[in-house]
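Some notes on the structure that comes next.
The values are calculated or read from the model by the stated rules, or taken from the named source; none is laboratory data. Here the structure is a predicted model, which is why all the values come from computation and not from measurement. Positions of Cβ are generated from backbone atoms using ideal geometry, with glycine treated the same way; all protein chains shown enter the neighbour counts. Side chains are part of the model used for accessible areas, which takes the heavy atoms of the whole protein and leaves out ligands, DNA and RNA. Shrake-Rupley method; radii C 1.70, N 1.55, O 1.52, S 1.80 Å.
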Amino acid sequence: MLAPYAATDAASRGRAYPEPAPAYRGEFQRDRDRVIHCAAFRRLEYKTQVFVNHEGDLFRTRLTHSIEVAQIGRSIARALGLNEDLTEAIALAHDLGHTPFGHSGQDALNDCMQDYGGFEHNLQSLRVVDVLEERYAEFPGLNLTYETREGVLKHCAPKNAAALGELGRRFLEHRQPGLEAQLANIADEIAYNNHDVDDGLRSGLITAGQLRSVALFAEPHDEVARRHPGLDARRHVYETIRRMINRVVTDVIETSRRLIADSGANSIEDVRHRPAPLIAYSTGMREKTRELKHFLRDNLYAHELVSRTTHGAKKIIHELFAAFLRDTRLLPTQYQDKIRAHASGDGVAVARIAADYIAGMTDRYAYREHARITGQDVA
Ligand code: MG
């Protein structure tokens, strides 16, 4: 049973291109299903989250990350009476616009695009579902509902928001999206904070000893030691992380339930007009989460071995972009066709098409394209 402040098919703002309602599914189920069937979703399997795909088979990729976000999101959605299908659709789509090579790839492409309007991965995720996926006869993109698109566009610079009409307005007016969008956002953070602890430990770049300086890790780590003396190190870590996730998820459910009740919100429109999110950590948990994030930033993301691959990744993106701008005949024919049809003589539009092509690449495809074009082997 959905709460009155949940998104519903009946209250949906609908799709850009109207379609008959699905016979045996809800509107948001249809959105989720379209995301799962699109090519950009399959590419997530070979895109870096933190560790480059070929560094090991057990590390998270953008695909497994997105599935974990959906899992955490669905659990919280059900507990709060929110729309699980919408939460799942947003979670599975939220990273579709990510470049190869994780955040360093995104930073590099943004640098390349400085004179052409910049590159934002959230905006690119929206661009993937709105226009870049070409699968359906009657509309461009996936023609998703407003609510799913609202959730996918998690952040947006004001200059870009202004061009997006209704969808961008909340960034200019400092309003909130629906609760499912707020939830997918926090589930994203819960997922990566926890799986990066796991991947970081597995990689050996950080140790449990170091992590014990972080309360969110140390408390459950002690609890496991007390309850299961002599447990092997790997299982000790897993038992710790499941407790970390459980504590944070429980905190978000209980805090959000209170915030929603206190707000008196009775519909998704009420939620959208609030000045601040209603899906949130308690103050204490926000502090602990911040401590963990700082730890990961200083000890894992900034680790010398991570930044070494980062450096190679940036070089690849920069060199690909420069090569495509110098000679657009290096692009695949369908991109050359797009340039002929929509961008001839327009440098900004040509750069955007090259950026779309690069952003869509998987890590290994980017390595191959770079080797094809420059004759260098950086992998
Ligand atoms: Mg994410």
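Points to keep in mind about this one:
- Net charge over other residues, Cβ less than 13 angstrom from the Cβ of residue 154 (K, R count +1; D, E count -1): -4
- For residue 142, net neighbour charge (Lys/Arg +1, Asp/Glu -1) across residues whose Cβ lies under 13 Å away: -1
- Ligands, DNA and RNA aside, residue 294 has an accessible area near 80 Å² when probed at 1.4 Å.
- Solvent accessible area, Å² - residue 64, 1.4 Å probe, full protein context: 60
- With contacts taken as Cα pairs under 8 Å and at least 6 residues apart, the chain reaches a relative contact order of 21 percent.
- Measuring r between the beta carbons of residue 169 and residue 131 and using R0 = 22 Å, the FRET efficiency lands at 0.65.
- Span from the segment 171-221 Cα centroid across to the segment 262-289 one, whole angstrom: 19
- Accessible-area composition of the chain, carbon plus sulfur, in percent [1.4 Å probe]: 50
- Among 77, 359, 351: highest mean-square fluctuation, GNM of the chain, C-alpha pairs under 10 Å: 351
- The solvent-accessible area of residue 328, taken with every protein chain present and a 1.4 Å probe, is close to 50 Å².
- Largest mean-square fluctuation among 80, 211, 126, in a Gaussian network model of the chain whose springs join Cα atoms under 10 Å apart, belongs to 211.
- With protein chains left intact and a 1.4 Å probe, residues in segment 306-374 average 50 Å² of accessible area per residue.
- Site pair residue 10 and residue 258 shows an inter-label distance of 3.2 nm when each label is modelled 7 Å from Cα along Cα→Cβ.
- Summing +1 for each Lys or Arg and -1 for each Asp or Glu among the other residues whose beta-carbon sits under 14 angstrom from that of residue 69 gives -3.
- Legend: P(r) of the chain from all alpha carbon pair distances, 20 Å bins from 0, whole percents, reading 27, 56, 17, 0.
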